[in-house]
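Just so it is clear, none of the values below were taken in a lab; they were calculated from the coordinates. Given the structure is predicted, the values throughout are model-derived calculations rather than measurements. Every residue, glycine as well, gets a Cβ built from its backbone with ideal geometry; the counts of neighbours run over all protein chains shown.
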Amino acid sequence: MTTFLAFSRRAALLLAGTAFLGACAAAASPRTTRWAGVLGPGPGTRIEVEERGSQDRTARFMDLGQAGMPVLDWVRTPDSLSFRIPTPSGQFTFSGAISAGLASGRYAFGPLEGAFTLERAASRPPRFTEHALTIVSDTVRLAATLLMPNGRGPFAAAVGLHGSGPETRAGAGRYLAEELASLGVAVLLYDKRGSGGSTGDWRSATPADLATDAVAAFQVLRARPGVDAGRIGLVGASQASWIAAVAGERLARNGTPPGFLIIRSGPLTTPAEEGNYDYEVRLRGAGFGEREMEEARALLLADDEVTRSGGGDERLRVLVDAAAGTAWFRAMEYAPEPGGSPGRIRFRPWLDLDPAPLLRQLPAPGLWLYGSGDATVPALASSRIAEQLRSAGRDYDIVVIGGADHALMRPNPEGGPWPVLAPEYLQHVRAWVCGRGIALVEACATPPPPRPASPT
């Protein structure tokens, strides 16, 4: 497995942890039926399902920070209920009985299974309205949804950027967008090219391609009635830090710099360095020391050079042959690819992308959030780079949440297989957009709803 494949493996891990696959719902309606409940085992994790008509249902996992997941094959009779929720790492399947408005039964998600309960709950008034849009970006068409706050505006707004892989409008980005919209910030979400309802191919997309999509979405917001064209930001997670840097610099050159940045778990190293971090985490977790780490780094740097040049893998072959019989090499699960392989060619435009010089040119204030336990990207190294950018004059707030992973989740302190989203995450986001005058004053004056107790 080469460094570019480590990059792809990280995408799969990110998807499994933070971005369930699915299409976003159509325009919100006040006439909804809401089901709320819990998935076991142990303390469990909370789930809500909203029905907006016969074909429009979405799920929200509050403790996991996920929203907008499609609910498919919903079959409800007076005494039974079954449905499924697809995700990139598999799908949830549910089957149970209904009695006195309470559905209970069993669910399965890969090897995990357990009991679930869903109870008819009171519908809530919509916190925002949704508008289906199509964004034209060069030769691709991006399926999009605009979340507009209630009220007259004009509102500050944000473009939601993606992490790695085939991300759509659903998942962690949707969850954050709903929180921002409830605070008076419009958010434009779109399916990444080649994902969901968008045309194109995310696999072959370069950073410039994805930045072009982000700029096209930004321009749609600038022209939208009810949006304050001078207060449009970029928000997202993980890979979004690289795309925000490229798109932001392009927008600044065109005289329309982004108004703010909110990035979660976004690497500020190059993708090459980030990809090598995957191997470092793996080796350190297996108990290897600095000597083995140095040997592994030399091999990975040679691998990067093959990707960079498109050939000349003699040095890499020598290092691989020398390391082949060692325990640390076996623990890496590494196998080199030919210099001209399609995967290396796809990764080449990403390899040396350094976001820091681009961000140094942006006047936008930024909130950077990291988890100290992130095993997917070099979060602590990235937070130090953000600190350096702040020392160089960028108006940044940097938050490292103790014990949180790449998705800013922690193990449930009450046990069980389900993690919980660190409450500090949204607390910091709310405080920042309110303190910076991005959110509506009246929304900030309303205390956030109390967090329900953990399910039992």
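Sequence gap at least 6, Cα distance under 8 Å: using those rules, report the relative contact order of the chain to the nearest whole percent.
Relative contact order, the chain: 16 percent.
Can you work out the Karplus-derived ³J(HN,Hα) for every residue in the stretch 120-129? Use 6.51 cos²θ - 1.76 cosθ + 1.60 with θ = phi - 60°, whole Hz, and x for glycine or proline.
4, 10, 5, 6, 9, x, x, 7, 6, 10
Could you tell me the convex hull volume per residue, in Å³, taken over the Cα atoms of the stretch 307-456? Before the final figure, lay out the partial values.
Details: hull volume 28.5 nm³, N = 150.
In the stretch 307-456, the Cα hull volume divided by residue count equals 190 Å³.
Tell me which residues come under 5 Å, amide H to amide H, from F288 once H is placed; ignore anything under 5 positions away on its chain.
Hits under the 5 Å cutoff: none.
Taking amide hydrogens as modeled 1.01 Å from N in the peptide plane, which residues meet the under 5 Å criterion relative to M69, leaving out close sequence neighbours?
HN-HN under 5 Å from M69: A59, G171.
For a distance above 15 Å, tell me the whole-number percent of Cα pairs in the stretch 257-299 that qualify.
Of the Cα pairs, 54 percent sit more than 15 Å apart.
Across the Cα atoms of the stretch 65-142, what radius of gyration and what greatest pairwise Cα-Cα distance (Dmax) are found, in Å?
16.9, 54
In sequence order, what are the phi-derived ³J(HN,Hα) couplings for the stretch 141-156 according to the Karplus relation 6.51 cos²θ - 1.76 cosθ + 1.60 with θ = phi - 60°, rounded to whole Hz, with x for glycine and proline?
10, 9, 6, 9, 9, 9, 9, 9, x, 5, x, 8, x, x, 9, 4
Please state the charge dipole magnitude for the stretch 290-407, taken about the Cα centre, from unit charges on C-beta atoms (+1 on K and R, -1 on D and E), reported in debye and rounded to the nearest 20.
My answer is approximately 320 debye.
Once the stretch 122-218 is represented by equal point scatterers at the alpha-carbon sites, with solvent omitted, what log10 I(q)/I(0) does the Debye formula produce at q = 0.17, 0.19 Å⁻¹?
-0.71, -0.85
Would you please report the Å³ per residue occupied by the convex hull of the alpha carbon atoms in the chain? Mind showing how you got there, number by number?
On the way: hull volume 66.4 nm³, N = 456.
Normalising the Cα hull of the chain by residue number yields 146 Å³.
Rounded to the nearest 20 Debye, what is the dipole magnitude of the chain about its Cα centre when Lys and Arg each give +1 and Asp and Glu each give -1 at the C-beta?
Its charge dipole is roughly 1240 debye.
Separation of the stretch 372-424 and the stretch 237-290 by C-alpha centroid, Å?
Here the answer is 13 Å between Cα centres.
Write down the Kirkwood hydrodynamic radius of the stretch 185-252, to one decimal in angstroms, obtained as one divided by the mean of 1/r over all alpha carbon pairs.
Across the stretch 185-252, the inverse of the average 1/r is 12.6 Å.
If amide H atoms are built 1.01 Å from N in the plane of the peptide, which residues on other chains or at least 5 residues away come under 5 Å of the amide H of S80?
For S80, the qualifying residues are I98.
Normalized C-alpha radius of gyration of the stretch 289-338, against 2.2 N^0.38 Å? Write out the running numbers ahead of the final one.
Numbers: Rg = 10.6 Å, N = 50, 2.2 N^0.38 = 9.7 Å.
Compared with the compact-globule rule of thumb, the stretch 289-338 sits at 1.09.
For the stretch 315-370, taking Cα atoms only, what is the radius of gyration to one decimal and the Dmax to the nearest whole Å?
When restricted to Cα atoms, the stretch 315-370 yields Rg and Dmax of 18.1, 51 Å.
Which whole-percent values make up P(r) of the stretch 249-377 when all C-alpha to C-alpha distances are grouped in 10 Å steps starting at zero?
11, 33, 30, 18, 7, 0
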